[in-house]
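Take a look at the structure below.
Every number here is computed from the coordinates shown, using simple stated rules; none is lab data. Model, not experiment: these values are computed from the prediction. Glycine also receives a Cβ, built like all others from the backbone with ideal geometry; neighbour counts cover every protein chain displayed.
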Amino acid sequence: MKELFFDMKRYVVDFESGNGKFHEIGEASSLDEAVNIVENFLQAKGFEVPYIRMWQKPESNKYIVDVGSYTEFFHIHYAEVSQFEGEW
């Protein structure tokens, strides 16, 4: 019987609107893919991005993404997801 356990990260991308409410806009399997979700969201809304600045909150699994708005931000956080592959 072959069994294999491995851990992977699942990134969740949230949009924080100007009124402080969070809206999930996507999930990704890598940080680069999560940033692409942010870029695609902005492009679909017709927002031209002057810059993208991202930082990780200290001792946290959360990244904050600033795209030039004073009141709206994106949040990317990840959780370890255990996967099982093999025969039962």
Could you line up 24, 16, 33 from fewest to most neighbouring Cβ atoms inside 10 Å? 24, 33, 16
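Using Cα pairs closer than 8 Å and at least 6 residues apart in sequence, work out the relative contact order for region 3-86, in percent. Write down the numbers at each step before the final one.
Working: 153 pairs, mean separation 33.7, N = 84.
Taking the mean separation of contacting Cα pairs over the length of region 3-86, I get 40 percent.
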In nanometres, what is the gap between the two model label sites at residue 22 and residue 81, each 7 Å from Cα along Cα-to-Cβ? 1.7
Total Lys pairs in region 3-86 closer than 23 Å by alpha-carbon, pairs eight or more apart in sequence or interchain only? 5
Which of 32, 66 has the fewest Cβ neighbours within 10 Å, and the rest in rising order: 32, 66
Modelled label-to-label distance, residue 72 and residue 57, 7 Å Cα→beta-carbon offset: nm? 2.1
